[in-house]
Amino acid sequence: MKKTYMLLLTGFLIAAASCSKGNEGVKTETTKPGNSTTTDSPTFTTTDATTAYTAFNRYYYNPTKKLYYANTLQTNLGAIWTQAIYWDMAMNVYERTKDQSQMAMVNDMYQGGFNEYDGYNWGNTTTWFIYDDMMWWVMALARANQLTGNATYLQKAIAGFDRVWNGSYDPVDGGMFWDFKHSGKNACINFPTVIAAMRLYKITGNKTYYDKALSVYQWAKTNLVNSDGRVADHKIGNNAPGYEDYTYNQGTAIGAAIALYNETKNSAYLNDAKLIADYTKNKMCTNNILPAEGDFNEQGVLKAIFAQYIMQLIKDAGQTQYLSWIRQNVDAGWNNRDKQRDLCWRNYALPAPTGVMQSYESSSIVTFMQLCPPE
C-alpha cells in the first residue's frame, strides 16, 4: 500500500511513505480505451445499481474466502484495507435494498476478514503493519454493529480503535501518525479516526470518543486543510503540508466534518464540508468528472471512499446542490462500462478496457450507484 515521495529539506533528501496507495502486482495488457461517450447517454436506474453490484461480485468476489480478488484473473485477494471499503459497499447495498440475502453477505464478509486477518488480532504486526489499514476496518466494524446490532462487531471495533489510538496519537503535538515508525501524520489516518470515534460515541455514549474526535479534527483542520478546501495528504514534523489531490482524503475530511455537524449542529462543520466538496468539484474535476485515480494500483478505490462521504453531505446535511454533479459522474462511468461484463472503470470519461481489470478501479461507480438516488 505504500508509495514513496521525496522531500528536499535543508540540503538533505528524505524519503517517507505516503498513505496514497501504491502499485500491486504486474500490469496485464488490456485493450486501449477509445473515445468518450456522448453527453446524451441514458441516466442510470436502480436496476442498473443491482446489475453493477451483481457483476462486481461475479468477477471479483471469492465465495470461499468471503473477500474480494484484486483483479479479474482471480488469483490473489485484494489489499487488506480495500476489503473494508468493499464491506462498506455490501452494507450500502443492504441499506438500499433491505434484502435479507444481502445481510447474509454482510455477515459473511466479517467472517472472511476474521479468517484471513488473524481474527482481527490488532496486535499482530505482520497482518496489520500500518495504522490506517486498521482504522478503515474499525470504521467498517462500527458501522456493521450499527447495521446489525452484533455486539462482537462492536467489541472488535473498540479494541481496534484503542490499539490505533495508543500507538498512533501524538499526546504532545496532537494528530495521528499513519505508520508504526511515526514518520508522518497523514490525512488517511486522521480523518478516518474522527469518523470512527464519532461512530463509537454514537453507539456507546462514551464521551471520551467525542473528545478524541474533536481533538484530532482540530489538529487535522489546522494542519491538513487549506483555506480553499484542499486537503493535504501528509505532514511530516514541522515541515509544510504535502499536498497531493486525492479524492479519498477530500472524502474522509467531508465525512469527519459531517459526523461532527450531525452531532453538534454547529454550522462551522457544515461549512468545512462544503468548502472541501467545492474544491473537489471545482479544482479536481475535468468537465465536472472526477479524476481517474489508480493506474492499475490500489488508488482505484479512492473514489469509492469519496462516494461514501459526499453522499452523506448530500443526504444527511441536505446539500442537494451537489447531487447533479454526482449523477453526472455516475452516468458517465456507467455508460462507459465494459458492456459485455458490466464492469466499470476508474476513468469515467472513457470507455472501460475489455481485458484484465482490478476490483479497485471497478468499485467506485458501483458504490456511487448504491448511494446516489437516480433521477
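Assorted remarks:
- Flag if residue 303 is touching a Leu at 6+ places or on another chain (Cβ under 7 Å), over 17 Å from residue 135 (Cβ atoms), basic (Lys, Arg) and at pLDDT 95 or above: yes
- Within region 330-342, being touching a residue at least 24 places away in the same chain (Cβ under 8 Å), touching a Pro at 6+ places or on another chain (Cβ under 9 Å) and within 16 Å of residue 60 (Cβ to Cβ) holds for one residue alone: 337.
- For residue 248, the stated conditions do not hold, so it cannot be described as touching a Lys or Arg at 6+ places or on another chain (Cβ under 8 Å) and either surrounded by fewer than 20 Cβ atoms within 10 Å (Cβ to Cβ) or basic (Lys, Arg) (or both).
- Within region 169-180, the set of residues being under 20 Å from the mean Cα position of the chain (by Cα) and not in a loop (DSSP other than H, G, I, E, B) comprises 176, 179.
- Restricting 247, 252, 222 to those that are of a type in the set (Ser, Thr, Tyr) and more than 21 Å from the chain's Cα centre (by Cα) reduces the list to 222.
- Identity of the residue in region 255-277, of a type in the set (Gly, Ala, Ser) and surrounded by 15 or more Cβ atoms within 10 Å (Cβ to Cβ), that ends up nearest to the chain's Cα centre (by Cα): 255
- Residues (closer than 23 Å to residue 139 by Cβ and of a type in the set (Val, Ile, Thr)) located in region 270-326: 276, 280, 301, 305, 310, 314, 326
- Count - residues of region 286-314 that are assigned to a loop (DSSP other than H, G, I, E, B) and out of contact with any Phe, Trp or Tyr (no Cβ under 8 Å at 6 or more places or on another chain): 4
- Residue among 162, 133 that alone is buried (at least 16 other Cβ atoms within 10 Å of the Cβ) and not basic (Lys, Arg): 133
- Subset tally (residues that are free of Cβ contacts under 8 Å to residues at least 24 places away in the same chain and outside any helix (DSSP H, G or I)) for region 64-90: 3
- Matching residues, region 263-320, being within 22 Å of residue 85 (Cα to Cα) and of a type in the set (Ser, Thr, Tyr): 280, 309
Here is a yes/no grid of residues against (1) out of contact with any Pro (no Cβ under 9 Å at 6 or more places or on another chain); (2) touching a residue at least 40 places away in the same chain (Cβ under 8 Å); (3) assigned to a loop (DSSP other than H, G, I, E, B):
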| site | (1), (2), (3) |
| --- | --- |
| 182 | yes, no, yes |
| 194 | yes, yes, no |
| 203 | yes, yes, no |
| 252 | no, yes, no |
| 279 | yes, yes, no |
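- Yes/no for residue 116 being charged (D, E, K, R), more than 22 Å from residue 256 (Cα to Cα) and either crowded, with 16+ Cβ neighbours inside 10 Å or within 21 Å of the chain's Cα centre (by Cα) (or both): yes
- Verdict on residue 198 being of a type in the set (A, V, I, L, M, F, W, C), in contact with a helix residue (DSSP H, G or I) (Cβ under 7 Å, 6 or more places away or on another chain) and within 13 Å of residue 131 (Cα to Cα): no
- Among residues of region 94-111 that are closer than 14 Å to residue 68 by Cα and without any contact (Cβ under 8 Å) to a residue 60 or more places away in the chain, those with a beta-carbon under 7 Å from a residue that is part of a helix (DSSP H, G or I) and of a type in the set (Val, Ile, Thr) at least six positions away or on a different chain give the pairs 106/148.
- Within region 91-130, the set of residues being of a type in the set (Asp, Glu) and either on the phi > 0 side of the Ramachandran plot or not in a helix (DSSP H, G or I) (or both) comprises 99, 118.
- One residue from 223, 262 being more than 25 Å from residue 133 (Cα to Cα) and part of a helix (DSSP H, G or I): 262
- Among the residues making up region 226-240, those that are in a loop (DSSP other than H, G, I, E, B), closer than 13 Å to residue 175 by Cα and not hydrophobic (A, V, I, L, M, F, W, C) are 237, 238.
- Every residue from region 342-372 that is within 13 Å of residue 72 (Cα to Cα) and assigned to a helix (DSSP H, G or I): 359, 360, 361, 362, 363
- Candidates 172, 231 - the one that is buried (at least 16 other Cβ atoms within 10 Å of the Cβ) and of a type in the set (A, V, I, L, M, F, W, C): 231
The values are calculated or read from the model by the stated rules, or taken from the named source; none is laboratory data. Keep in mind that this is a model prediction, so the values were computed, not measured. For neighbour counting, all protein chains shown are included, and Cβ atoms are generated from backbone atoms with ideal geometry for every residue, glycine included.
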